[in-house]
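These notes are about the structure you will find just below.
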Amino acid sequence: MADKAVPHFHNQAGVSVIAVGSKEFMCIGALPPFDHPHVFLDMGSDTEIICQYCSTLFRYDPKLKPGTAEPAGCVWHDAAPQEAPKAA
């Protein structure tokens, strides 16, 4: 199964700015189960965007790899168990 194509970020720590290496991503707010609706954010030609749900400021940093963030703990990895492989 493929990993998420769009990176997801959260602001559980309540930091004022999250630097991200992607201009298109999902914000989930806090960690589940206290997350807000997972919203797609697209900076377009801008270098900053504010999430309309949690007011987190995301700032694009071209030095970061796509899908990464600073602080690094703001990257969300779904811990849901993977689907079992189907028998042939």
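Would you confirm whether any residue within the stretch 41-57 is in contact (Cβ under 8 Å) with a residue 24 or more places away in the chain and of a type in the set (D, E, K, R)? No: zero hits.
Of all the residues that make up the stretch 25-39, how many are assigned to a strand (DSSP E or B) and either open to solvent by less than 40 Å² (accessible area, probe 1.4 Å) or not acidic (Asp, Glu) (or both)?
Initially, the stretch 25-39 is screened for residues assigned to a strand (DSSP E or B), giving 25-29, 35-39.
When the remaining residues are screened for being either open to solvent by less than 40 Å² (accessible area, probe 1.4 Å) or not acidic (Asp, Glu) (or both), the result is 25-29, 36-39.
Going through the stretch 25-39 one residue at a time, the tally reaches 9.
Kindly provide the set of residues from the stretch 14-24 that are in a strand (DSSP E or B), open to solvent by 10 Å² or more (accessible area, probe 1.4 Å) and within 17 Å of Gly73 (Cα to Cα), ordered by number. Quick ask: steps written out before the conclusion?
The initial filter retains those residues of the stretch 14-24 that are in a strand (DSSP E or B), namely 17-20, 24.
After this cut, where a residue has to be open to solvent by 10 Å² or more (accessible area, probe 1.4 Å) as well, the list is 17, 19, 24.
Val17, Ala19, listed by residue number.
Scanning the stretch 14-28 for residues that are more than 21 Å from Lys63 (Cβ to Cβ) and over 9 Å from the mean Cα position of the chain (by Cα) turns up just one, Gly14.
Taking the criterion of being outside any loop (DSSP other than H, G, I, E, B) and at pLDDT 95 or above, would at least one residue in the stretch 6-13 satisfy it? Quick ask: steps written out before the conclusion?
Quick first cut of the stretch 6-13, residues outside any loop (DSSP other than H, G, I, E, B) only: 8-9.
Narrowing the set further to residues that are at pLDDT 95 or above leaves 8-9.
Looking through the stretch 6-13, at least one residue is outside any loop (DSSP other than H, G, I, E, B) and at pLDDT 95 or above.
The values are calculated or read from the model by the stated rules, or taken from the named source; none is laboratory data. Source: prediction; values computed, not measured. With ideal geometry, Cβ positions are generated from the backbone for all residues, glycine too; neighbour counts draw on all protein chains shown. We work out accessible area using only protein heavy atoms, side chains counted, and drop any ligands, DNA or RNA first. Shrake-Rupley method; radii C 1.70, N 1.55, O 1.52, S 1.80 Å.
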